[in-house]
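Every number here is computed from the coordinates shown, using simple stated rules; none is lab data. These numbers were taken from a predicted model, which means no experiment stands behind them. Don't worry about glycine lacking a Cβ; one is built from the backbone with ideal geometry, like all the others, and counts go over all protein chains shown.
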């Protein structure tokens, strides 16, 4: 568990976030990323799926984008959080893209820990959460 992030910070991230880009979104209902996307949408977040293999398709009512850079923020609203459903080694590229697009938070899912990516994001002023799932933290902290 990423002990550097306390409940107050998690709570503020989850209450201030409106638009989430979900990197590694899956069209397969049995995949965790699919269930988390649906959960976040039901909780009122706008969730923009990012997956180059599904680019242009609709996933849970949202168009899938190839990369974070291609999300038309004029249409979707600014991306507040980038939720990364990739393995730890693959988390750096979306973390760096999160910096480029002006996201406020990089959130790496359960089992995803990439200290160099986290350090770069923190250095650019972003909040960083690793090895946590918003679908677990929301009912724990906001219910």
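Remarks
- Spin-label model, residue 55 to residue 136: label points 7 Å out along the Cα-to-beta-carbon direction sit 3.3 nm apart.
- Calculated FRET efficiency, residue 16 to residue 93, Cβ-Cβ distance, R0 = 25 Å: about 0.50 to the nearest 0.05.
- Inter-label distance, nm, simple model (7 Å from Cα along the C-beta direction), residue 31/residue 76: 1.6 nm
- Taking the chain as a Gaussian network of alpha-carbon nodes connected by springs under 10 Å, the highest mean-square fluctuation of the residues 36, 79, 106 belongs to 36.
- Computed lengthening from residue 124 to residue 101, 0.36 nm per intervening residue step minus Cα-Cα distance: 7.1 nm
- Fully extending the segment from residue 46 to residue 66, taken as 0.36 nm per residue of separation minus the present Cα-Cα distance, adds 5.5 nm.
- Only one item in (i) 2, 10, 19, 24, 20, 15, 7, 2, 0, 0; (ii) 2, 11, 23, 26, 23, 12, 4, 0; (iii) 2, 9, 15, 17, 16, 14, 11, 7, 5, 3, 1, 1, 0, 0 matches P(r) over Cα pairs in 5 Å bins from 0, in percent derived from the coordinates shown, and that item is (ii).
- Mean Cβ count within 10 Å, highest first, over the residues of peptides 43-50, 11-18: 43-50, 11-18
- Share, in percent, of DSSP beta bridges within the chain that are antiparallel, nearest 5: 10 percent
- Take every Cα pair under 8 Å whose residues are at least 6 apart in sequence, average their separation, divide by the length of the chain, and the relative contact order is 23 percent.
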